[in-house]
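Here the structure is laid out as structure tokens; the discussion comes afterwards.
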Amino acid sequence: MKKAVVQVEEQETGLVERAIADIRSYMRENQLRPGSPMPSETAMAMQLNVSRTVAREAFRALAALGIMEVSAGRRARVAAPDAAPLSIILDHTVTMKQLSVQQVLDVRRTLELRTVSLAALRRTDAQARELLEIVKGMFDAFEAPNDLMELDIRLHELIAAASGNSLYAIIVGSFRVITRQTWHIGWRSRATLENRTENIRCHQRIAEAINAQDPEQAEAAMTEHFDSAVNVLLRAGVN
């Protein structure tokens, strides 16, 4: 009896996996874009010749992967690219000690040296203005660490968006969960007013170099920023 139950479960798993692949093929063949409505679970089940339960599980799996948007009472839609699924993976691997924070920072440093150079070359005037406004907000939020942290995250994500490559934006966006775990450690480790002010000034130099469309200076400022961040966290025992 137990063996039969296992076989049924394995069969259902195989059907769901096939349905996931078929639904993705449906999206490609119909050239669906983010926001495009999907057929209902019932209609998709009939089209794929599977049960509604299998179709529902496939929809849920695709939603978890960030490929579809599924919510109660609303028609499922194709999702826009989003950092959330990768962010969950990073959070899990760091929490489970499969990756260290320093390994994440090493990859992030490599990526952001590239994004900041591209941003200096490709940024729009509106993006340049927003970066400078964010830095001003960071100075204004000096005594409000949580607000300052969110502005810091926004600045790095905007730089990635300004690179003109949406994949960079997704990957850099996925780092926010790790940043929120380590940012306050770094801020406390910069114990003096001078050190904390210099940290914000470093962000200011990055924003100003992007505004001036100077990729070399932008990369130099970002290098300085990451070297400082890595050293601060190492001194605080984060590795």
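The table below lists the values:
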quantity: From phi via Karplus (6.51, -1.76, 1.60), per-residue ³J(HN,Hα) for the range 37-45 in Hz, x at Gly/Pro; calculated: x, 9, x, 5, 4, 5, 5, 5, 4
quantity: The range 54-66 - phi-based ³J(HN,Hα) in whole Hz, Karplus 6.51/-1.76/1.60, Gly and Pro as x; calculated: 5, 4, 5, 5, 5, 4, 5, 5, 5, 5, 5, 7, x
quantity: Cα-only Debye scattering, the range 2-78: base-10 log of I(q)/I(0) at q = 0.13, 0.22 Å⁻¹; calculated: -0.38, -0.97
quantity: Whole-number percent relative contact order across the chain, with pairs defined as alpha carbons under 8 Å at least 6 apart; calculated: 20 percent
quantity: Kirkwood hydrodynamic radius of the range 84-235, Cα pairs, Å; calculated: 15.4 Å
quantity: Ranked list, fewest to most other Cβ atoms within 10 Å of each Cβ, for ARG60, ARG108, ARG74; calculated: ARG74, ARG60, ARG108
quantity: Residues MET27, MET68, MET222, MET96, sorted so that the one with the fewest Cβ neighbours within 10 Å comes first; calculated: MET96, MET27, MET68, MET222
quantity: Karplus-derived HN-Hα couplings along the range 224-239 (A = 6.51, B = -1.76, C = 1.60, θ = phi - 60°), whole Hz, x at Gly and Pro; calculated: 4, 4, 6, 4, 5, 4, 5, 5, 4, 5, 4, 5, 7, x, 8, 9
quantity: Label-point separation, ASN146 to SER25 (7 Å along Cα→Cβ), nm; calculated: 4.9 nm
quantity: Sequence of ASP227, ASP214, ASP125 once ranked by neighbouring C-beta atoms within 10 Å, starting from the fewest; calculated: ASP125, ASP227, ASP214
quantity: For the range 171-222 and the range 67-120, distance of Cα centres in Å; calculated: 19 Å
quantity: The chain - mean residue ellipticity at 222 nm from DSSP helices (-39,500 (n - 2.57) per run, n ≥ 4, rounded to 500); calculated: -25000 deg cm²/dmol
quantity: Residues whose placed amide H lies under 5 Å from that of MET68, excluding near-sequence neighbours; calculated: ALA63, ALA79
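Read-outs: derived from the displayed coordinates by stated rules, not from any lab. It should be emphasised that the depicted structure is a prediction, and the values quoted were computed from it without experimental measurement. Neighbour counts are summed over all protein chains in view; Cβ atoms, including those assigned to glycine, are modelled from backbone coordinates with ideal geometry.
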